[in-house]
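Asks: If you scroll down you'll find the structure; I have some questions about it.
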Amino acid sequence: MSPNLNGIRSQQDRKMESDRSENRIIEHKAYARVGLLGNPSDVYYGRAISFSLGNFWASVCLEPSEDLTIVPHPTHDLVQFNSLPHLVNRLQNDGYYGGVRLLMAICKIFYSYCKENDINLHDGNFKLSYDTNIPRQTGLSGSSAIVCAALSCLLDFYKVRHLIKVEVRPNLILNAEKELGIVAGLQDRVAQVYGGLVYMDFSKKHMEGLGHGLYTPMNINLLPPLYLIYAENPSDSGKIHSTVRRRWLDGDKFIISSMEEVANIALEGLTALLEKDYTKLASLMNHNFDLRRQMFGNDALGALNIEMVEVARRVGAASKFTGSGGAVVVFCPDGPSQAKLLEDACEKVGFVFQPVKVMPSFLNEVDIETLSSKLKQTI
Ligand SMILES: Nc1ncnc2c1ncn2[C@@H]1O[C@H](COP(=O)(O)OP(=O)(O)O)[C@@H](O)[C@H]1O
Ligand SMILES: O=C(O)[C@H]1O[C@H](OP(=O)(O)O)[C@H](O)[C@@H](O)[C@@H]1O
Ligand SMILES: [Mg+2]
């Protein structure tokens, strides 16, 4: 942009600049996440420690356009098939839904939030498309990654990033999925909005008083090397959660006390990580999964998911689900030789095994400005 002779940008210059920025294509990524400790107590006023997983991500692209268009993904939203068996096979492997409904839902939630909070939105339209390499429905939070990346695009398109606090964004992402009847919690969305490693406290006091949990970013170097095991095994997290949720709502004492125990695992894990007490970390991870198994039962968890945990335990590693099932996070206390043993064991049974890549925090300066001052200091 060239300044005029007085060094002051003319009105016409400014208009051209704003036209250009309004017509630019906006693209955002959101990564998969690993629930390391405490999940699924996040759904029940508990606590969690989770991190953003660099191995996989979803990306959403927003392009200004005449009409508002949500673009179906060529493979994830397939509606044209070679034959009836092809259609049936596709539904059996991947379920009925793709990402289109997620994009629509976040548009609706975003719009309603802005309206309720007197945040003005310009009247430009856009075309929203997405892609993802997050293994589908594996408890790596593929659904909220799509929603999170879309929300980031909307924040920038409407230039309202500074008006919607970081702490509130996970709620918007969760509300978009609730809108679709997906039973889910906040830990995924917090890890995806903040990036890095985050300790989260969802106690009733904070949830009801503040409208969100207390989220404390932690140094990712506190983590030991971790591994991921997953299988091609679609499982709808909404379905897995529904029975336990019903029992919790009905006041089932066993579920309520077990959930409190799971929440305490994250609290104990916070100290263990700060002290780099990895023996403790291993026992907390194992205990976390054992409690999940007692609450949900083998049938709901699924034999293949349980086998992923067991294959790690057979070589002496600690393991638990990253989310509601489909993928497992593993810690090998004996180091690389143990990891190699596990890699071989996974190969034999057809599970994918990979080292975990933790993504550092990716809040930008505008995001950090929206945080409460207490949190600003910890980043
Ligand atoms: N890879 C994907 N591509 C497109 N849509 C997806 C994908 N993964 C999940 N979804 C959408 O998210 C919904 C909920 O998925 P969920 O069971 O929560 O999986 P995840 O554990 O990966 O978050 C699915 O019914 C589908 O609409
Ligand atoms: O059961 C869990 O640990 C998590 O399940 C959901 O995540 P998903 O990736 O869809 O399996 C849920 O959204 C989380 O809040 C739970 O902690
Ligand atoms: Mg999900």
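The values are calculated or read from the model by the stated rules, or taken from the named source; none is laboratory data. No experiment lies behind these values; they were computed from the predicted model shown. Please note: Cβ atoms are built from the backbone with ideal geometry, for glycine as well, and neighbour counts cover all protein chains shown.
Asks: Does segment 114-142 hold any residues that are within 16 Å of ligand 2 (Cβ to nearest atom) and closer than 22 Å to LEU68 by Cα, and which are they? Show your work before the answer.
Replies: Within segment 114-142, the subset within 16 Å of ligand 2 (Cβ to nearest atom) is 132-142.
Of everything in segment 114-142, just one residue is within 16 Å of ligand 2 (Cβ to nearest atom) and closer than 22 Å to LEU68 by Cα, namely THR132.
Asks: List the strands (runs of 3 or more DSSP E) that sit entirely inside segment 143-235 and contain at least 1 residues that are in contact with a His (Cβ under 9 Å, 6 or more places away or on another chain). Lay out the reasoning, then the answer.
Replies: Details: elements: 197-201, 214-218, 226-230.
Ranges flagged: 214-218.
Asks: So TYR130 ticks every box in (1) in contact (Cβ under 8 Å) with a residue 60 or more places away in the chain; (2) of a type outside the set (Asp, Glu); (3) surrounded by fewer than 17 Cβ atoms within 10 Å (Cβ to Cβ); (4) farther than 22 Å from ALA231 by Cβ but one. Which box is left unticked?
Replies: Just one mismatch for TYR130, condition (3).
Asks: I've got another one for you. Here are some conditions: (1) over 22 Å from TRP248 (Cα atoms); (2) under 22 Å from the mean Cα position of the chain (by Cα). PHE296 meets all but one. Which one does it not meet?
Replies: It fails just one condition, (1).
Asks: Related question: Would you mind stating whether PHE296 is free of Cβ contacts under 8 Å to residues at least 60 places away in the same chain and crowded, with 19+ Cβ neighbours inside 10 Å? Even if it seems obvious, please write down each step before you answer.
Replies: On the way: free of Cβ contacts under 8 Å to residues at least 60 places away in the same chain: yes; crowded, with 19+ Cβ neighbours inside 10 Å: yes.
Yes: the conditions hold for PHE296.
Asks: In segment 114-168, what residues are closer than 22 Å to GLN187 by Cα and away from ligand 3 (no atom under 16 Å from the Cβ)?
Replies: At the first step, the residues of segment 114-168 found to be closer than 22 Å to GLN187 by Cα are 132-155, 161, 164-168.
Of everything in segment 114-168, those that are closer than 22 Å to GLN187 by Cα and away from ligand 3 (no atom under 16 Å from the Cβ) turn out to be SER152, CYS153, LEU154, LEU155, ARG161, ILE164, LYS165, VAL166, GLU167, VAL168.
Asks: While we're on this one: For segment 70-88, which positions are exposed (fewer than 13 other Cβ atoms within 10 Å of the Cβ) and outside any loop (DSSP other than H, G, I, E, B)?
Replies: Of segment 70-88, the ones exposed (fewer than 13 other Cβ atoms within 10 Å of the Cβ) are 74-75, 79-80, 82-86, 88.
Answer for segment 70-88, where residues must be exposed (fewer than 13 other Cβ atoms within 10 Å of the Cβ) and outside any loop (DSSP other than H, G, I, E, B): LEU84, PRO85, HIS86, VAL88.
Asks: Looking at segment 243-350, what helices (runs of 4 or more DSSP H) fall wholly within it and have at least 3 residues that are within 16 Å of ligand 2 (Cβ to nearest atom) and polar (S, T, N, Q)? Don't jump to the end; show me each part of the working.
Replies: On the way: elements: 253-274, 278-301, 303-314, 336-349.
In segment 243-350, the matching helices (runs of 4 or more DSSP H) lie at 278-301.
Asks: Output yes when any residue across segment 333-345 is under 25 Å from the mean Cα position of the chain (by Cα) and on the phi < 0 side of the Ramachandran plot, and no when none is. Spell out the reasoning first.
Replies: In the first step, residues of segment 333-345 are kept if they are under 25 Å from the mean Cα position of the chain (by Cα); the result is none.
No, that holds for no residue.
Asks: Kindly list the number of the only condition in (1) at pLDDT 95 or above; (2) closer than 23 Å to ASP201 by Cβ; (3) of a type in the set (A, V, I, L, M); (4) not in a helix (DSSP H, G or I) that fails for LEU363.
Replies: Going through (1) at pLDDT 95 or above; (2) closer than 23 Å to ASP201 by Cβ; (3) of a type in the set (A, V, I, L, M); (4) not in a helix (DSSP H, G or I) one by one, LEU363 breaks only (1).
Asks: I'm checking my understanding of the structure. Among residues of segment 242-271 that are touching a strand residue (DSSP E or B) at 6+ places or on another chain (Cβ under 9 Å) and crowded, with 21+ Cβ neighbours inside 10 Å, which one is nearest to SER324 (Cα to Cα)? Outline the logic, then answer.
Replies: Step one: of segment 242-271, the residues touching a strand residue (DSSP E or B) at 6+ places or on another chain (Cβ under 9 Å) are 262-270.
Keeping just the survivors that are crowded, with 21+ Cβ neighbours inside 10 Å gives 262-263, 265-266, 269.
Working: VAL262: 14, ALA263: 16, ILE265: 17, ALA266: 17, GLY269: 19 Å.
Top of the filtered list is VAL262.
Asks: Kindly list the number of the only condition in (1) within 15 Å of ligand 2 (Cβ to nearest atom); (2) farther than 23 Å from THR69 by Cβ; (3) crowded, with 24+ Cβ neighbours inside 10 Å that fails for CYS148.
Replies: Only one criterion in (1) within 15 Å of ligand 2 (Cβ to nearest atom); (2) farther than 23 Å from THR69 by Cβ; (3) crowded, with 24+ Cβ neighbours inside 10 Å is unmet by CYS148, namely (2).
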